[in-house]
Amino acid sequence: MPLWSERVVAGVETLPGADHSYLKQLCAPDGNDVRGWLAAMVARMPEPMALRARDLLNSVENCRFFQGFAEVAVVSMLARQGFEVRALRGAGPRLELAHADGRAFFLSVLSFVHQTRPGGDDLTRQRLVEALSRVASRHRFVVLIRRWLPHDLDPEPVRRSLELWLAQVASGTWEGRYAAYEDDNVALEFCLTGERVRGSGSALSFALGPFVAHRAMEVLEPRVVTELDRYNAGADRALPLVVAAVSDQPWRINQGYLRDFLYGRPSLTAQENGESRFTFGGAGGPCAFRDPLYRRFAGLLLLDRDPARSHEIGARALLNPWSDLKLTPDDMGVSTFAQREGGAPGEMRWYVSGGEVVPLG
């Protein structure tokens, strides 16, 4: 059974009012290559995994479609390294993967769909900055963008409000250096630099933000912990668990946040021949990999899509050195944070020979 028939592709492509749908975007002519990759991957999958993928990937609902895409992406990445799906477990579902050498684990795939238009964040920010650069004032200021902007933002009301504030500053009726603009969709802060505009220059000195790493962790961490709790509460815990978190836009999370969540604070860091090493052990604070409740948590995979690179998936892996399941960077095939070869448990480094992208093909 084909993943999409020609009739389905033609019908979805002309579906009115569904331009936001990933399935409709995929059915456009420039989606041919990705459609072909997905169809080839699903064709190699055993039932009932293939049946589930066909159901999800034929949905115009983005959350369902992207869950299917995420599962196919993770399974195909691990299939390159010799792992294959043996079974689906539960209503989630949880996938059972096994290697020819006998190692096996459960895989939970969590998908994350942004509410903003893919690729639109930077363009919207640029439109806001250009509007604020036209503010008529001799007082220079900076702006802090506290969260991502809606793709349909009209920056003119912000610009007019800013000009009213700067007029009060010029007249001496405003006390202090700070002001804020906030509504249901926008949160901005402004600060006077104390400088005056010279010549025909702009009053806007520079824009900062949004800084979203901590917000991304606020979304990622509870989803992962909830899945670990669901695994612990279930009857089937025969195998260790690997969790894959797949985003429809790039993860903007720095390595420090991930290390704190999974390993705790390192007791020692070192640099040798350009290589960073971290040693975790002792009282490093609460962390997922060393929590006795989550001792079966074997690794976290982070995958994401960059709208500018439709034929690749970004990927990296962070492995638990205290797990009974011994996974290695070679098992992942991508950049992996893992126990250093010859080192003690908890002595970690990045192995980047696998790269940070997986080609769709």
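The values are calculated or read from the model by the stated rules, or taken from the named source; none is laboratory data. Being a predicted model, the structure only gives us computed values, none of them experimental. Note: ideal-geometry Cβ built from the backbone for every residue, glycine included; neighbour counts use all protein chains shown. Surface areas here come from the heavy atoms of the whole protein model, side chains and all, with no ligands, DNA or RNA. Shrake-Rupley method; radii C 1.70, N 1.55, O 1.52, S 1.80 Å.
Can you give the accessible area of PHE69, probe radius 1.4 Å, in Å² rounded to 10?
PHE69 has an accessible surface of roughly 10 Å² with all protein chains in place.
Roughly speaking, what is the stretch gain from GLU356 to LEU123, that is 0.36 nm per residue apart minus the C-alpha to C-alpha distance, in nm to one decimal?
Gain in length upon complete extension: 81.4 nm.
With +1 on each Lys and Arg Cβ and -1 on each Asp and Glu Cβ, and nothing else charged, work out how big the dipole of the chain is about its Cα centre, in Debye to the nearest 20.
So the dipole magnitude of the chain works out to roughly 460 debye.
Using label points projected 7 Å from each Cα along Cα→Cβ, tell me how many nm separate ASN254 and ARG160, to one decimal.
3.9 nm
Given only helices, namely DSSP H runs of n ≥ 4 each adding -39500 (n - 2.57), what is the per-residue ellipticity at 222 nm of the chain, to the nearest 500 deg cm²/dmol?
That calculation yields -9500 deg cm²/dmol at 222 nm.
Once phi is turned into ³J(HN,Hα) by the Karplus curve 6.51 cos²θ - 1.76 cosθ + 1.60 with θ = phi - 60°, what whole-Hz value does each residue of region 38-51 show in order, with x for glycine and proline?
So the Karplus estimates, Gly and Pro as x, are 4, 4, 5, 5, 5, 4, 8, 7, x, 6, x, 4, 5, 4 Hz.
Could you calculate the contour length gain from VAL8 to THR269, that is, 0.36 nm times the residue separation minus the distance between their Cα atoms, to one decimal place in nm?
Using 0.36 nm per residue and subtracting the Cα-Cα distance, I get 88.5 nm.
Excluding ARG160 itself, what net charge comes from residues whose Cβ is under 14 Å from its Cβ, given Lys and Arg +1 and Asp and Glu -1?
In short, -2.
What does the charge add up to near GLY92, with Lys and Arg as +1, Asp and Glu as -1, over the other residues with Cβ less than 10 Å from its Cβ?
+2
Pairs of alpha-carbon atoms within less than 8 angstrom and 6+ residues apart define the contacts here; what relative contact order does region 1-116 have, in percent?
Dividing the mean separation by the residue count of region 1-116 yields 19 percent.
Of all DSSP beta bridges located in the chain, what percent are antiparallel, nearest 5?
65 percent
What's the center-to-center distance, using Cα atoms, between region 194-259 and region 324-361 in Å?
21 Å
Can you give me the C-alpha center-to-center distance between region 43-114 and region 294-320, rounded to a whole angstrom?
Spelled out, the Cα-based centre of one part sits 14 Å from the other.
Which residue, chosen from HIS151, ASN185, HIS139, occupies the Cα position most advanced towards the positive end of the dipole of region 136-196, where the dipole is computed from +1 (Lys, Arg) and -1 (Asp, Glu) charges on Cβ about the Cα centre?
So the residue furthest toward the plus end is HIS139.
Pick from SER200, SER133, SER247 the residue whose mean-square fluctuation is largest in a GNM of the chain, springs joining Cα atoms under 10 Å.
With Cα springs under 10 Å in the chain, the top fluctuation among SER200, SER133, SER247 is at SER200.
Put +1 on the Cβ of each Lys and Arg and -1 on the Cβ of each Asp and Glu in the chain; which of GLY82, CYS287, PHE65 then has its Cα farthest toward the positive end of the dipole?
Value: CYS287.
Report, to the nearest whole %, how much of the accessible area of region 6-52 belongs to carbon and sulfur atoms, 1.4 Å probe, protein only.
Answer for region 6-52 is 58 percent, counting heavy atoms of protein chains only.
Counting only protein heavy atoms, what percent of the accessible surface of region 184-343 is carbon or sulfur at a 1.4 Å probe?
49 percent
I'd like the Karplus ³J(HN,Hα) series for region 9-15: coefficients 6.51, -1.76, 1.60, θ = phi - 60°, whole numbers in Hz, and an x wherever there's a Gly or Pro.
3J(HN,Hα) across region 9-15, in whole Hz: 4, 5, x, 5, 4, 9, 5.
How much net charge surrounds VAL197 when only other residues with a Cβ under 13 Å from its Cβ are counted (Lys, Arg +1; Asp, Glu -1)?
Taking every other residue near VAL197 into account, the sum is +4.
Extension gain GLU47-LYS326, at 0.36 nm per residue separation less the Cα-Cα distance, in nm?
97.7 nm
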